[in-house]
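Accompanying notes for the structure given below.
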Amino acid sequence: MVLLFFACIPAALAQETFEVSGTIINEQNEPMIGVYVLEKGTSNGTTSNIDGKYTLKVSENATLVFSYIGYIVQERLATASVINVTLREDAQALDEVVVIGYGVQKKSDLTGAISQVKSDDLQNRSITTVEDGLMGKTAGVQIVTTSGAPGAQSSVRIRGYSSNSDSTPLYIVDGLRTSNIAYLDPADIESIEILKDAASAAIYGAQAGNGVILISTKKAAEGVTRINYDMQYSIQQVTRIPEVLNAKEFIQYAVTEGGLISQSRLDQYYDGTTDTDWANVAFENGAMQRHNLNFQGANKSGSIFASLSYLNNDGPIIGKQDVHDRITGTVNADYNIKPWLKFSTNNNFAKFETTRVREGGMYSMLGSVMQMDPLTPVIYSKDNVPAHIQALIDMGHAFLTDENGDYYSMSPFQETNNVNPYIMRDGYQQQSEGFNLRGASSIDITPWKTITFTSRLGYDFTSYTSYNLQWPHTVNTDTNYDYVTIEARNNDNKYWQWENFVNYNETFREKHNVSAMVGTSFSSRTTFGVTGSVSGSSASNIGISKLDRNYAYFANATGTATKQVSGGEKINYADLAYFGRVGYNYDNKYFIQASFRADAADLSILPFQKRWGYFPSASAGWTISRENFFKNMNVNWISHLKIRGSWGQNGSISGLGNYMYASTITTDVMYPFSESGYQVGSRPSSTGNYNLQWETSEQLDFGLDLRMFKDRLAFSVDWYKKETKDLIMTSVVSSAVVGNTISPLNAGNVLNQGFEFDLSWKDKIGDFAYALSGNFSTLKNEVTYIYPTLSRVAGNSGGSGVTCFFESGYPIWYMRGYEYLGVDPSDGSPIFNDTNDDGVINDADKTMLGSAIPDVTYGFTINLSYKGFDLVVFANGTYGNDICYAVPRSTRIQANTLKYFYDRRWTTPGQNAEYIASSLPDYANYVQSSALVFDGSYFKIKQIQLGYTVPKKLLDKTRIFNRARVYVSLDDFFVFTEYPGFDPEVSMSGNGLGLDYGQYPTTRRATFGINLSF
Amino acid sequence: MKIKHISMILVAGVLAFVSCENMLDIPQHSVSPIDTYYQIDSEAEEGVVACYAALRTLHTGFGGLQDLGNLLSDDVWTGGGNHFDGVYYRLNDYIFDAAYGSINNLYKNLYTLVYRSNVVIENVTGESAVMKRAVAEAKVFRAYAYFYLTTLWGTPPLVDHTLEENEYMQPNSNTADLWAFIEQDLTEAINSGALTEKASKSEKTYRVTKQYAQALLGKAYLFQKKYSEAATMLDNVIKSNLYGLHTDLSGIGTPLASMTEESLFEVNCLNDRSQSGTNNNFKWTFMGLRGEKYSYTDASPFASSTFGFVNPTKDLYDDFVSVEGVDGYRLKNTIVTREQMINQYGTTNIMEITDNEGYWNFKYRILKSHWAGYFYANNTRIMKFNEVLLLAAEAHLQNGNAGKATEYINQIRTRAKAPAVIGTVTMDQIKTESRLELCFEGQRFENLVRWGDAANVLADQGQRNPALQTDGSVKWTSYNDPSDCGFKAGKHELLPFPDTEMTVNPNMVQNPGW
C-alpha cells in the first residue's frame, strides 16, 4: 500500500495529467478484479477493484497497458476519459507457470510429469499439515498415515516405495531444502509442485530418488492490497470405534465358551453389573481451532505478504493429554531495486508444542481400549479396594488415582498387558516443543533480458526439546514402575545453503526457443543435542527427592538415582552440487530438454572415493495440436494434445549416514601375556565398504496431455517404470572367508511401475458453475533383487504376529505368516495351509499374506457454485491393499476381542464358521495368520463443505469487507471399509508397513469457518 | 549498465568459488580409522593381541577345534546326559552333515583368525622390533589357521589379504598351494628373527615362539610326507634345548601343570572370574563328570556340576594297557576306571551312564579346587614337546633313521615310566605312542586320516554305543541305521564345507561325498 503510494507520486507531479477510468471485464462479461493498469514507460499504475473499475491519472498521449495473469496483455492509447476493456484469456497457455527446480516453466512446455496442487485445494480444509492436503488430490502421490494424533505427521510416497529405508521425498520450500514441512500452515501455501518423473526431479540429483515436492508459499498478487482473516473451529471425534464385546458377550466368550477366564475367578471378582465401555472412557469430543490472518500488497516494484497462523488441536482422548499447539508466521517480500536487480525474501517461523499419549505397541492406549475387559470398572473407590489391588499396594507398589483419590482399576481377569486407559494416560507424560526459523533470500540480477543470475541463501534453524515423564504406577500384576523416570532432550539444528545459478532464455527467429541453466549449490548442517535421564529403581529409591510432579526434574534427582547422559557432540553434514539444464523447443511444437547434476556428499554419508554421484536426464515432447496437419483435420474440439517422454536417474541417501561404510578400530578383545594383567587388542569393527554409493533410481515416463471442448475437459495420463538400484542392505551374511562383519552393501533393487490418470471438467451454466476432477493411479511394487545371502529380511512384526519381510519377488515389506484356511468344523480350531505338505505347520509353511501397498489409489473433487453458495465434495480411496489387525497377542488370551470376530466365531461342532472357537485353539499360530489380515481398501469422504459468500452489494455497504464467506464442513466423516479395526488409513510405516498395532486413528471433524477479506 | 556488468562478473566469480569440496571432509568422532592405525608399536601389538584372542575363540566352548578332533576319533564316546544330549553324537557316530553347527563355527573362526592376521600383516609396516614381531606372529597364526583349514577341508579358499567387496566369493584353492603358503608364512616368520625365544627351559613365555613356529612347520612337512625337511625342522626345536618333558604327569592336563618346560604354546587363561569372557572356557565344563550321575564323598577331587562329555573308550584303555600294563603311571594319570573311582576318588554310587564303558577322563579332570560355578581357567595346550618328539620320531623313521626315532620314543616312554622300546621302533609303535600321549587333545582324527588308517579304525563309529550299568556291566545299544553311520572312505577324510558357505558363495565346490 505504502509502496504503491510512493510509486505513484513522481508521475503525478511531473506532467499535465488527466484522469482515465473504465471497467475491465472478461469474455464472460464478468468484472475482473486486480487487473493491473499501467501507463506505459512509467511506474504509474493502478489495479481494478472488485467491480472491475479503475481510475488513473495519466499524462497526455499516454498508452495504457492492461495485464492480468493468464490473459493476453492489451495496450490502449489514452484518447478518452473512459476506456472499457475486455481481456481475453491467453489460449496459448492455460499458461500457468509451473515451478521447476531452479526456474519456472510454462505448463504447456512441460516434458516431464509434474503435478500441481493449488491453494484452492488446501483452502478451508480442516487439515493441519501440508502432507494431509496432498492426499487424494493428485495421481501418483500416496500419503501414509502412521498416527492421527494431534501434531503427528504423515509421510508422502511419490510413485511407490523406492527404498528399504526411508522413501520420503525431498521438500523444497521457496528454494529451501528441508526434510520436514510440519512448520507450514496449509493456508500459507500458494502451490505445490510434485516432480514425479526422474527428468523433472533430476535437477535435484542425489536426493531426488523419492521424488521432489516444491512448495511455494503465498505472495501478494500484483496490484492487490488486502487483509484476509480465516477462522475455523472444529469438533472432532474418533472416526470409527471398533465394536468390542460388552460384559454379557465377554462372559459368554471368555468364561462360558472359551474358558479363558475361570468361572471361579469371575465369581470372585465380578460385581455382576459393571459393563465398561472403554472407548467411551478413553475418548471425548476434541476441539480444534485455527486462525489465519494475512496482509498482502504488491505493485510493479515489489510485494509483501505477511501472515500469522494459530492452530490449537485437542485430540479426542479424554483430557488435555493429546494437544498440538502451533503458531506460524510468514513474511514474503520482494522488491525491484533496479530494473536489473530484484531482491526476494521468504521467511517463516513456527513454534509448536505437543503433548501426546503412548500409541502403537504393547502399551498403546488405543490398544488398551480394544483389549481391556468390560467387567472391570473404571475406578475402585479408595474405601473399597479389591483384594488383588490391595495385595499389590501392600507390597509397596504405586497406583495412580483420580482427583478424588480413587484408584484407577486394574483388571483381575487378565494376567498381563491389560492397561486401564487412564493409567496409560496418566502414567506417562510426553511433551515436546520446538521452534523453527527458516527461509531463503535471493537476489536476481538481469544484466540482459535473456539472462538472470540468482544467488540464494537459505537458512533453517530448529530447536527441539522434549520432556518425558514416567510416573510411578502399576500396570498389571507383573508390570509395575514404583519409581520415576525422567528423560529430557534438547536438540539444535543449524542449516544453511547457498545456491547460485544462471538462467538463460532466448527466442531466435520467433520459433527457436532456447533455454539453459547452470548453477552450484552448497549446504551445511550442524546438529548438537544432549539427552539425559534420571531414573529410580524401586519404591524406596524413586529417583527424585519428593514424589510430587512439581519435583519431577533433573535438579531433584537423588544421589542413588540412575543418571545417564548422551550426546553433547557437534555433528556436521555438508553437500555440494553442480547442475545444469538445457532446453530447446521449436515453435512450441517440439520440445527437448536435458539436465545433469553432480552431487558430492560429506564423509559421514559416503566414502571419499564414491563421494560424487552423477545424475543425468533427458525428456522430449510433441504438441501435436499445433501441427498444421492437425489443424487441417478439423478436430477443433481438441484444443491441446501433447505427448511426452522422459528418462532420468536420481539418487537417494535415505539409507546412508553415520559413516556406515567405514571400517574403524574397535578394542573389544584382550589377552593375558603373564600370570596377571591383560593387554588390550584391537581389530577392525567391520570389513568397511569403500565402494558404498548412492541408491539410484532410474525412471522412464511416457505421458499424454489432452484438453478438449474449449479447455473444459482436461485429461492426462502417465505411465512410469521406476527401478531403484543399490539399496543399502545391512546385516548381510557373507562367506566366512571374509573373516569379519560385513559393512552395509548396495545390494537390493526395487521396481515401481504404474499408470496415473487425471481428468477434470469444468463448466458454467448461467449462474451455476461446476467443476469435477478426479485422479486414479495404479502401482505395482516389487523387490527385484537382494543380496543372495539375505534371502529374506525380517522387518517389524507388531507383537509376535504377522511379520513384514523384504524379499525378492514380493512387494516391499509384504506381510508374511500362515495362510488361514478357515475353521475346522469339528472342533473350532484353525486350519492353516500346509504349503509344503509335510504334515506339520511350521515356519516353512509361512507365505505371503498381503501387502499394504494399494494397487489403486484414487480421489475426486466436486466443486459446485450457484450465486453465493458453493459446495465442495472431496473423497478418496484405495483398493487392493491389506491391513493387519496386529493388536491381539497369543500371550493375552484374556483380552477383549472385536465383536466382528465374536459374531463370526465357531460355537458348535459341524458349524462352518469364519473364525475360531472362543477357547482360542492354536492361538500362537493364529495370530501369525491371515485370519488377522484384512482387505484394507477404503473409501473416505474427506470433505463436504457448504459455503455462502455474502453478496457484494451487501458488503459494499459495510465499506470494510471485500469478501465474506461462511462455511460448514464435515471432514473425514464417512468411511467405507471392510476393516474391523479403528482406521484403515492408519498403520505402521517403514518395515512394518500395514500393521495396525494400536495406532492412533484419524478423527472426523465437524467444522465451521469464516473467510473475510478487507 | 556498468554496475550490472561488474556485478555479473562478481557473481560469476562467486559461482566458481562455491567449489569448496574440502568442506565435505568431515572426520568421524571417537574412532580411529584403520588406514592410519597400526603405525606405532602399541597399536601393532593391539592387532596381534586380537589374533591371540581369535586363537582362543577356536578353543572356546564345546565343539571347538580339539573337541571336534576328539569326537571324530575312536578315543572317546560322546557322553553327556544321554546319547542324544546336544548334537555332538552326530560327530562321534559320523552322521553329521554340512549344516552341522560346530563345523560351521570352526570354519568361520579359522577365517576370522586369518583375517586378523591379514590385518596385521597388511597394516603393520614399521621396522621396530615390536612391529616385526607382530607381523611374524601374525604369519604364524595365519599358518596355524591354514594348517587346520587344509587338513580338515582340503581345498578351502586361500585368502592372503583382507578382501574387498568384489572378492567376497572366493573359489576353492588347491591343497598344494595351501601347503606352500603355510610353509612360506612359517619360514618367513622363523627367518625374521623377530619371534620370541626363551632363554632357558625354566623360563615361561606366553607368546608365539620361534620354536613353536618351527614345530608347526615340521608338523606341516610331516603331514605332506616331506620327512627329511620335517626331521630337520623338528630337530631344530629339540636341539634348542629350551624344552623338555615334564616328569610329573599327575596334573598334566590341569591348571596345576600349565606353562611347564614341556609347553611350546598355550592359550593362556588367568584364574580371574572378573574377566570371565577372556579366561573361562566352557569346554572344560563339558568334559567333566556328569554330576547328577554320581554320589561323592569329600575325598573326590572332581568338580560335580559338569556335563560328562568325552568318555574314554575301552579301546584306548586297552592300548595303554598293552604298552604299560594296568598299573601304568601314565595310564593312571590319563584314564580312571570304575574301580578307581570307587576305591580311590570317593565315589559312592554310580548310576547308569550312557556312552560310557567304565572309564573316565583323568587327564583333563575338572579340579574341584579350581572350579567355581562354571568358571574354570585352564590353558588349552596348542603344542607340547612330547608331540614334537613324536612327530620327529615319525619323520626320522620314515626318513630311514630308525635309531633317532627310537631314541625320541624312549624319551617319552621313560617319562611315562613305561618299558622302553626294545630294538628299533616301528611305525605302529609310534602310532600307538602318539595315541596315548596325545589322547583327548584332538589330534587322533587327523593322524588317522593322514596315516590312512581312518577308514579301517573308524568304520564302526556309531554302530553301537555302550551304557555303563549300575553294577559295572556295559549294555550296548544301536542308535543308528548301520548303513548310515561310521567313517566312509572317500568322504570323511575331509569335512564338508558349511552349507551356508555353499549358499552364499556360488564359486565354492563341495568336498567329495558331501
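The values are calculated or read from the model by the stated rules, or taken from the named source; none is laboratory data. In this text the structure is predicted, and so the values were computed from the model without any measurement. So basically every Cβ, Gly included, is an ideal-geometry build from the backbone, and we count neighbours across all protein chains shown.
Values as computed for the structure displayed
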read-out	value
Number of the condition not met by residue A:683 [criteria: (1) more than 14 Å from chain B (Cβ to nearest Cβ); (2) among the basic types (Lys, Arg); (3) over 29 Å from residue A:596 (Cβ atoms)]	(1)
Given (1) assigned to a loop (DSSP other than H, G, I, E, B); (2) closer than 28 Å to residue B:56 by Cβ; (3) more than 7 Å from chain B (Cβ to nearest Cβ), index of the condition residue A:673 fails	(3)
Which listed residue is in contact (Cβ under 8 Å) with a residue 12 or more places away in the chain, in contact with a Pro (Cβ under 6 Å, 6 or more places away or on another chain), closer than 14 Å to residue A:194 by Cα and surrounded by 15 or more Cβ atoms within 10 Å (Cβ to Cβ), from A:101, A:112, A:133	A:133
Any hit, segment A:699-707, residues being more than 8 Å from chain B (Cβ to nearest Cβ), among the aliphatic types (A, V, I, L, M) and not in a strand (DSSP E or B)	no
Matching residues, segment B:470-509, being within 14 Å of another protein chain (Cβ to nearest Cβ), crowded, with 19+ Cβ neighbours inside 10 Å and not charged (D, E, K, R)	B:495, B:496, B:497, B:498, B:504, B:505, B:508
Test: residue A:977 is under 17 Å from residue A:1004 (Cα atoms) and in contact with a strand residue (DSSP E or B) (Cβ under 7 Å, 6 or more places away or on another chain)	yes
Candidate set: segment A:601-624, residues that are assigned to a strand (DSSP E or B) and more than 18 Å from residue A:101 (Cβ to Cβ); chosen: the one nearest to the other protein chains (Cβ to nearest Cβ)	A:601
Scope segment B:96-129; condition in contact (Cβ under 8 Å) with a residue 60 or more places away in the chain, assigned to a helix (DSSP H, G or I) and away from chain A (no Cβ under 12 Å); matching residues	B:129
Any hit, segment A:533-544, residues being free of Cβ contacts under 8 Å to residues at least 12 places away in the same chain, more than 14 Å from chain B (Cβ to nearest Cβ) and of a type in the set (A, V, I, L, M)	no
Qualifying residues in segment A:643-660 (those that are outside any strand (DSSP E or B) and out of contact with any helix residue (DSSP H, G or I) (no Cβ under 8 Å at 6 or more places or on another chain)) - the one nearest to the other protein chains (Cβ to nearest Cβ)	A:659
Selection count, segment A:116-141, where residues are of a type outside the set (A, V, I, L, M, F, W, C) and more than 24 Å from residue A:969 (Cβ to Cβ)	1
Residues within segment A:585-600 that are surrounded by 18 or more Cβ atoms within 10 Å (Cβ to Cβ), away from every other protein chain (no Cβ under 14 Å) and not small (Gly, Ala, Ser), tallied	5
Top-ranked residue of segment A:655-664 - restricted to ones that are buried (at least 19 other Cβ atoms within 10 Å of the Cβ) and either among the β-branched types (Val, Ile, Thr) or more than 13 Å from residue A:687 (Cβ to Cβ) (or both), ranked as modelled with the lowest pLDDT	A:655
Qualifying residue in segment A:502-509 (condition: in contact with a helix residue (DSSP H, G or I) (Cβ under 8 Å, 6 or more places away or on another chain), within 14 Å of another protein chain (Cβ to nearest Cβ) and not basic (Lys, Arg))	yes
Qualifying residue in segment A:914-937 (condition: surrounded by fewer than 17 Cβ atoms within 10 Å (Cβ to Cβ) and among the small types (Gly, Ala, Ser))	yes
Considering residues of segment A:355-370 that are over 18 Å from residue A:414 (Cα atoms) and touching a Pro at 6+ places or on another chain (Cβ under 9 Å) only, the residue modelled with the lowest pLDDT	A:357
Residue within segment A:893-909 that is in a loop (DSSP other than H, G, I, E, B), of a type in the set (Gly, Ala, Ser) and touching a helix residue (DSSP H, G or I) at 6+ places or on another chain (Cβ under 8 Å) present	yes
Condition met for residue B:424 (assigned to a helix (DSSP H, G or I), surrounded by fewer than 19 Cβ atoms within 10 Å (Cβ to Cβ) and polar (S, T, N, Q))	no
Residue match in segment A:854-867 (condition: of a type outside the set (D, E, K, R), surrounded by 16 or more Cβ atoms within 10 Å (Cβ to Cβ) and more than 29 Å from the chain's Cα centre (by Cα))	yes
Residue A:453 being hydrophobic (A, V, I, L, M, F, W, C), under 27 Å from residue A:600 (Cα atoms), part of a strand (DSSP E or B) and under 30 Å from the mean Cα position of the chain (by Cα)	no
From A:329, A:319, A:315, residue being at pLDDT below 90, among the small types (Gly, Ala, Ser) and surrounded by fewer than 21 Cβ atoms within 10 Å (Cβ to Cβ)	A:319
Residue count, segment A:510-532 (criterion: away from chain B (no Cβ under 14 Å), among the polar types (S, T, N, Q) and either part of a loop (DSSP other than H, G, I, E, B) or farther than 21 Å from residue A:436 by Cα (or both))	2
Residue count for segment B:263-291, restricted to those that are free of Cβ contacts under 8 Å to residues at least 40 places away in the same chain and not small (Gly, Ala, Ser)	1
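For (1) acidic (Asp, Glu); (2) at pLDDT 90 or above; (3) in contact with a Phe, Trp or Tyr (Cβ under 6 Å, 6 or more places away or on another chain), each residue gets a yes or a no:
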site	(1), (2), (3)
A:382	no, no, no
A:387	no, no, no
A:406	yes, yes, no
A:410	no, no, no
A:416	no, no, no
A:430	no, no, no
A:434	no, yes, yes
A:443	no, yes, yes
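Conditions (1) among the aliphatic types (A, V, I, L, M); (2) over 24 Å from the mean Cα position of the chain (by Cα); (3) outside any loop (DSSP other than H, G, I, E, B), marked per residue:
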| position | (1), (2), (3) |
| --- | --- |
| A:697 | no, no, yes |
| A:734 | no, yes, no |
| A:743 | no, yes, no |
| A:751 | yes, no, yes |
| A:764 | no, yes, yes |
| A:771 | yes, yes, yes |
| A:776 | no, no, yes |
| A:781 | no, no, yes |
| A:784 | no, yes, yes |
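Let's see how each residue does on (1) touching a residue at least 24 places away in the same chain (Cβ under 8 Å); (2) acidic (Asp, Glu); (3) surrounded by fewer than 16 Cβ atoms within 10 Å (Cβ to Cβ); (4) assigned to a helix (DSSP H, G or I):
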position: B:188; (1), (2), (3), (4): yes, yes, no, yes
position: B:200; (1), (2), (3), (4): yes, no, yes, no
position: B:204; (1), (2), (3), (4): yes, no, yes, no
position: B:214; (1), (2), (3), (4): yes, no, no, yes
position: B:217; (1), (2), (3), (4): yes, no, no, yes
position: B:220; (1), (2), (3), (4): yes, no, no, yes
position: B:225; (1), (2), (3), (4): yes, no, yes, no
position: B:228; (1), (2), (3), (4): yes, no, yes, yes
